[in-house]
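Asker: For reference, the structure I am asking about is given below.
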Amino acid sequence: MQSARDAIVLADGAGHAIAWNPAARPGLSAPALLRYPASPTMTPADAARTILTQIPRAFTPATLEDYGLQLSPEQARRVTREALALSLFWVRSALDLALKAATGATVLAELRRAIEQEWRTGFGQREEDAAAFFREAEARRAAYDRIMREGAPPMMIAGEAAGLLVDVGAVAPEDRTKALALLVDVIPVDEIGELIADLDVTEG
């Protein structure tokens, strides 16, 4: 018996995907069967805003306390920036796999603009720190990429980020595992990858 997996997926001129199973319905022509909306095409700006929904914003004292972290406002801002840098690494990695280089670069540029728009309100940062953050995030990306190419899983890369938080004094050495738990919980690595893999972005 034929199943839905045997259907051929076609596209018509009205922007629909058409699932056609010729063995199950031999008397019908291809365009006459089940229709459902195809994934909408997005502009790079729309794609950036969609990706931004998966990126954690500023951590509240209550959230940090849930992980046993008692931090000053400046330390909390630093943890937020490190989580953002790690999120951007996973975004960049997924974009490199899913989109052409030029399209991915455009989406990243739009994502940077979207982050800058929320830099103070959503991410709780000081305005003067924005340019320095993006330079640092690029250095982080290069370091994380080297670790990933060595076969490290996401947990190990998050552990590197937690270690960096200790190095800069954002968390105490004895709180490294708490920071690691926070980063693992709040950054949806799989969801970011799946979302970006499904994007249909207009090119240039």
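What follows is calculated from the coordinates using simple rules that are stated; it is not laboratory data. Just so it is clear, the structure is predicted and the values come from calculations on it, not from any experiment. Here Cβ is always computed from backbone atoms with ideal geometry, including for glycine, and neighbour counts include all displayed protein chains.
Asker: Expected output is a single nm value to one decimal: the length gained when fully extending between Arg120 and Glu194, i.e. 0.36 nm times separation in residues minus the C-alpha distance. What is it? It would help to have the intermediate numbers written out before the result.
Answerer: On the way: separation 74, 0.36 × 74 = 26.64 nm, distance 2.85 nm.
Gain on extension, Arg120 to Glu194, equals 23.8 nm.
Asker: In what sequence do Val186, Val166 fall when counting other Cβ within 10 Å, fewest first? The partial results should precede the final answer.
Answerer: Values: Val186 18, Val166 15.
Ordered from fewest to most neighbouring Cβ atoms within 10 Å, Val186, Val166 come out as Val166, Val186.
Asker: What is region 44-194's relative contact order, in percent, from Cα pairs under 8 angstrom and six or more apart in sequence? Could you put the intermediate results ahead of the total?
Answerer: Numbers: 138 pairs, mean separation 56.7, N = 151.
Here the relative contact order equals 38 percent.
Asker: Residue by residue through region 76-91, what is 3J(HN,Hα) from phi via Karplus (6.51 cos²θ - 1.76 cosθ + 1.60, θ = phi - 60°)? Round to whole Hz and write x for glycine and proline.
Answerer: Here the 3J(HN,Hα) series is 5, 4, 5, 5, 4, 5, 5, 5, 5, 4, 5, 4, 5, 4, 5, 4 Hz.
Asker: Using a 10 Å cut-off around each Cβ, can you sort Leu52, Leu165 from fewest to most neighbouring Cβ atoms? The partial results should precede the final answer.
Answerer: Numbers: Leu52 18, Leu165 25.
With the sparsest Cβ surroundings first, the list reads Leu52, Leu165.
Asker: Rounded to the nearest 0.05, what FRET efficiency is calculated for Thr202 and Glu74 with R0 set to 45 Å and r the Cβ-Cβ distance?
Answerer: Working: r = 41 Å, r/R0 = 0.90.
Given R0 = 45 Å and the Cβ-Cβ separation, E is 0.65.
Asker: What percent of all Cα-Cα pairs in region 117-172 falls into each 10 Å bin, going from 0 up to the bin containing the maximum distance?
Answerer: 21, 41, 32, 6
Asker: Return Thr43, Thr103, Thr80 ranked ascending by Cβ neighbour count within 10 Å, so the fewest neighbours appear first.
Answerer: Numbers: Thr43 13, Thr103 18, Thr80 21.
The order, fewest Cβ neighbours first, is Thr43, Thr103, Thr80.
Asker: Using a Förster radius of 35 Å, what is the FRET efficiency between Glu128 and Asp167 based on their Cβ-Cβ separation? Nearest 0.05, please.
Answerer: Values: r = 22 Å, r/R0 = 0.63.
It comes to 0.95.
Asker: Along the principal axes of its C-alpha atoms, what lengths does region 160-204 span, in descending order and rounded to whole Å?
Answerer: 46, 22, 12
Asker: Over the Cα atoms of region 44-197, what radius of gyration and what Dmax do you get, in Å?
Answerer: Computed over the Cα atoms of region 44-197, radius of gyration and Dmax are 14.8, 43 Å.
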